[in-house]
Amino acid sequence: MARFEDTDLGVDPRASDAPAPSPRPSNGGLAIPSDGGNTIEIPATRSAISDAAQFMHNLSLAPSMKDRRGSRNSFGTSLPIPRSPRLSRLSSVQRGTPSVSRDIMASQVQDLNKEKTAKAKNMAFAFDIDGVLAHGNHAIEEAKTALKILNGDNELGIRIPHILLTNGGGKTEEARCAQLSEILEQPISTDQFIQSHTPMQALAEYYETVLVLGGDGFKIREVAENYGFKNVVHPKDLLAWDPSISPWSTLTEEEKKEARPQDFSKVKFDAIMVFADSRDYQTDFQVIMDLLLAEDGKLMTKAQDPVATRIPIYFSQGDLLMPTEHKGLPRLTQGAFRISVEAQYKTLTGVDLERVVYGKPERATYTYADEVMKSWMEELHGEARLPDNIYMVGDNPASDIIGGNMYGWNTCLVRTGVFQGGENDLNSPANFGVFPHVLDAVKAAIAKELGEDFKLKWNPKVNPVLHGDGGASAIE
Ligand code: G3P
Ligand code: MG
């Protein structure tokens, strides 16, 4: 089937013929212009090494290697993150159904227990999601109780700040938080939530026309548009324009209606963004290779020099494995897709593919997490500061734990996800301990900070003012 021309599609070809106004020089490298506007650039943190030694890419992580590294990026790469953690378009505080009288009573109890309250306000948690709080769309039961305790079901009736820091993605922050709130039966706000691609909204300041890949249907388009990318192209748009671009893929009638084809031979792409796991590896591999091999991001061209005008490619995270409901080994995820892209590119061109990988354990993601944590502290306690005692609870030593360790957090490794080892992980041991599940990790952290006798139950029946006794009588 022939490709569509712009005139077939009602697109004004002059618009796509115009030079891309991206402020970034298209030189195939990944150096980004210095800090500016609403972004901060965070240098990548560790040295080059290979995912699969000489066969793959000299910048990737080899699972077999024993060294402890905190990045899948090379030195010299910088990863822009938003200067402010709360872009208004992402913000949606969900408070559940607060009761005024309960809040008043809790604040009275806290007033009467100043020392304990100060300690409670000086701790916080960062939770991984997959393998800690949930498996796919199913909550891990203990997680519900853990979040309930942190949301005030404790002797002070105090909310202990916690953010969710996941390498997952593929749908909007609002959609994911709504889904998590439902399955975990606790309110989760976008203001306490970071998924792998959330910090990548900063890239909208650098690139205008982007190919965005991964996730179900066209959901990822909405994500990228929410982030402010102006021209977001989905692989299905390319298939709708030219079905021969991916020989074995076809669109459903519904997808054809939703696709936005135009004459993409006239479009200059500025960057490629992989935001989530591919649902159509063949098409995604093909269109990524088409653009990486093209002259300055123009489809249907082939660059003489594979590096000189290559457009950049970004991956939202680098995990090789993820926990799911599957009872066997953990499932392969975006890291496996990236390694395949690297291998294809190296085989086709003979050179390593420069690329940027966001997500845990990348410093940029943790730096962004700090900003979100501070902002959430302000929301809960009225103080925009980082607590001294932050506990990361994760299931993947190679991302959650190594990142948390490097970042100076207390790390808790749980056995409900990727980690299936012995006493602790040998390469990236959790510094606070290994726990059967998230609830035990939360209980241990609270016991350390607030004392073994700290009650994990709020008693709504007793008025601390009437009963006096330093608020103790409010405790069951
Ligand atoms: O790596 C894939 C993703 O599902 C991991 O999510 O929450 O474990 O970081 P999470
Ligand atoms: Mg996990």
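In sequence order, the stretch 220-232 has phi-based couplings of 5, 5, 4, 4, 5, 5, 4, 6, x, 5, 7, 10, 9 Hz under the Karplus curve 6.51 cos²θ - 1.76 cosθ + 1.60, θ = phi - 60°, and Gly or Pro positions carry x. Summarising the amide proton neighbourhood of Ala126: residues at separation of 5 or more, or on other chains, whose placed amide H is nearer than 5 Å comprise Ile163, Tyr391, Met392, Val393. Each Cα pair under 8 Å and six or more residues apart adds its separation to the average, and for the stretch 171-243 the resulting relative contact order is 31 percent. With protein chains left intact and a 1.4 Å probe, residues in the stretch 114-158 average 31 Å² of accessible area per residue. For the stretch 420-425, backbone phi angles converted through the Karplus equation (6.51, -1.76, 1.60; θ = phi - 60°) give residue-by-residue couplings of 10, x, x, 4, 7, 6 Hz, Gly and Pro being listed as x. Between Gly382, Thr324, Tyr366, the Cα set farthest toward the positive side of the dipole of the stretch 293-383 (charges on each charged residue's Cβ, about the Cα centre) is that of Thr324. In this structure, the amide hydrogen of Leu321, modeled 1.01 Å from its nitrogen in the peptide plane, lies closer than 5 angstrom to those of Thr333, counting only residues at least 5 positions away or on a different chain.
Computed from backbone phi, the HN-Hα couplings of the stretch 186-191 come to 9, x, 10, 8, 4, 6 Hz, rounded to whole numbers (Karplus: 6.51 cos²θ - 1.76 cosθ + 1.60, θ = phi - 60°; Gly and Pro given as x).
Under 1.5 on a/c is rounded, so check that first for the stretch 344-428, then, if it is not, pick prolate when a/b is larger than b/c and oblate when it is not; a ≥ b ≥ c are the square roots of the alpha carbon gyration tensor eigenvalues. Judged from the Cα gyration tensor, the stretch 344-428 comes out oblate (a/c at least 1.5, b/c at or above a/b).
Between rounded, prolate and oblate, where does the stretch 293-403 land on the alpha carbon gyration tensor, with a ≥ b ≥ c its root eigenvalues, rounded for a/c under 1.5, else prolate if a/b exceeds b/c? Verdict is oblate for the stretch 293-403.
Entry note, the stretch 378-465: relative contact order of 21 percent, from Cα contacts under 8 Å with a spacing of 6+ residues. At what distance in angstrom do the alpha carbon centres of the stretch 108-127 and the stretch 309-347 lie from each other? Centre-to-centre (Cα) distance: 41 Å. Packing here is the average count of other Cβ atoms within 10 Å per residue, and on that basis the peptides 186-198, 319-331, 276-288, highest first, run 186-198, 276-288, 319-331. Each Cα pair under 8 Å and six or more residues apart adds its separation to the average, and for the stretch 276-347 the resulting relative contact order is 26 percent. Under the combined filter of DSSP loop state and at most 13 neighbouring Cβ atoms within 10 Å, the stretch 350-411 retains these trypsin sites (Lys or Arg not before Pro): Arg385. Residues whose amide H comes within less than 5 Å of that of Val357, counting only those at least five positions distant or on another chain, are Phe315 (H built at 1.01 Å from N in the peptide plane).
The values are calculated or read from the model by the stated rules, or taken from the named source; none is laboratory data. None of the values given here were measured: they were computed from a predicted structure. As a convention, Cβ positions derive from the backbone with ideal geometry for all residues, glycine included, and neighbour counts pool all protein chains shown. With ligands, DNA and RNA removed, areas are computed over all heavy atoms of the protein, side chains included. Shrake-Rupley method; radii C 1.70, N 1.55, O 1.52, S 1.80 Å.
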